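To start, the structure under review is shown below, and the notes come after it.
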Amino acid sequence: MLCRVMAEAVAACGAQVAVLDLRLDAAEVVASEIRRQGGKAVAAACNVLEKESIEQARIAIEKALGPVTLLINGAGGNHPKGTTTREQLRPEDLEKTAQEIITFFDLEPQGIEFVFNLNFLGTLLPTQVFAFPMARARRGSIINISSMNAFRPLTRIPAYSAAKAAVSNFTQWLAVHFAPAGIRVNAIAPGFFLTDQNRELLTRPDGGLTPRGEQILAHTPARRFGTPGDLVGTLLWLASERASGFVTGTVIPVDGGFNAFGGV
Ligand SMILES: NC(=O)c1ccc[n+]([C@@H]2O[C@H](COP(=O)([O-])OP(=O)(O)OC[C@H]3O[C@@H](n4cnc5c(N)ncnc54)[C@H](O)[C@@H]3O)[C@@H](O)[C@H]2O)c1
């Protein structure tokens, strides 16, 4: 959802866009909407966890649109198997079964691995594939998608928090590593945006807020969730060599003040 709006935003500025997703039909919906609005876009199926699949997508994109100069690494998300039921451990829960309450001790390696792979490896592998020709051409911009979790972990989601911290850390590492090749690497850290990933966590079916949703808004000085369009200004700034040519290795919060607020 967030990446859809980002793809539309760069297309509206005249960029030719390739939309990659695990689900080709989902990517095609976005690409065809961009074409309908007069832009140039292609869709490609791609699993960001399989290098061969990313290579295939790159070859198809270069054939259709030419070399890639901007990479947005947006695939990511959490998994219930990397999530605890409660915010803090209650020692009495240790006597309960994992069916009743999932404590830290019940988290399964597969759940943690899924979240780490999707967010971290799913950023690293596309970067290997798409930054190689950028490095040869001595130009390019990479924008990773981190999260508020990366600055301070959110309760209940240790795997997602740690994986996004890895994305932020990796953004800095890459910025240093790629600087001699003329590639800038930055990240956007969105605050809380209502999307399919978190709708059930933050809102009730009647449209009201869950306790977690209320808690988040209480810690967001702007007192609202973000809308995808809120990311566009930062995205275009980081994408533009003219506007941000000396900016690399940064992680920019777009969060209504969440990260600045100590809660009191
Ligand atoms: N929604 C928020 O509040 C929020 C906050 C901070 C960060 N983010 C991050 O923003 C990014 C976009 O999230 P969103 O909320 O728009 O979620 P989304 O679920 O709408 O988008 C994620 C997309 O990734 C695709 N995907 C999943 N696994 C893939 C794989 N292996 N290969 C290729 N594509 C794959 C999905 O098909 C989906 O289209 C994610 O990295 C997410 O972690 C979201």
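The values are calculated or read from the model by the stated rules, or taken from the named source; none is laboratory data. These numbers come from a predicted model, not from an experiment. Neighbour counts are summed over all protein chains in view; Cβ atoms, including those assigned to glycine, are modelled from backbone coordinates with ideal geometry.
Odds and ends about this structure:
- Among the residues making up the range 220-234, those that are assigned to a helix (DSSP H, G or I) and free of Cβ contacts under 8 Å to residues at least 60 places away in the same chain are Asp230, Gly233, Thr234.
- One residue stands out among those in the range 114-161 that are surrounded by fewer than 21 Cβ atoms within 10 Å (Cβ to Cβ) and touching a Pro at 6+ places or on another chain (Cβ under 7 Å): the one that is farthest from Leu2 (Cα to Cα), which is Ala137.
- Failed item, numbered, when Leu94 is tested on (1) farther than 24 Å from Ile188 by Cα; (2) within 16 Å of the ligand (Cβ to nearest atom); (3) modelled with pLDDT of 95 or more: (2)
- Selection within the range 170-219 - touching a Ser or Thr at 6+ places or on another chain (Cβ under 7 Å), over 30 Å from Gly245 (Cβ atoms) and either in contact (Cβ under 8 Å) with a residue 60 or more places away in the chain or in a helix (DSSP H, G or I) (or both): Phe192, Leu201, Leu202, Gly213
- For the range 54-72, the condition of being under 22 Å from Pro190 (Cα atoms), among the β-branched types (Val, Ile, Thr), modelled with pLDDT of 95 or more and crowded, with 17+ Cβ neighbours inside 10 Å holds for at least one residue.
- Every condition in (1) out of contact with any Pro (no Cβ under 9 Å at 6 or more places or on another chain); (2) over 20 Å from Ala135 (Cα atoms); (3) surrounded by fewer than 14 Cβ atoms within 10 Å (Cβ to Cβ) is met by Ala179 except one, and the failing one is (2).
Quick grid of which residues meet (1) closer than 21 Å to Glu113 by Cα; (2) of a type in the set (Val, Ile, Thr); (3) in contact with a strand residue (DSSP E or B) (Cβ under 8 Å, 6 or more places away or on another chain):
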site	(1), (2), (3)
Cys3	no, no, yes
Leu20	no, no, yes
Ala26	no, no, no
Ala31	no, no, yes
Glu55	no, no, no
Leu65	no, no, yes
Asn73	yes, no, yes
Gly77	yes, no, no
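- Across the range 221-245, the number of residues qualifying as in contact with a strand residue (DSSP E or B) (Cβ under 9 Å, 6 or more places away or on another chain) and either surrounded by fewer than 19 Cβ atoms within 10 Å (Cβ to Cβ) or of a type outside the set (A, V, I, L, M) (or both) comes to 12.
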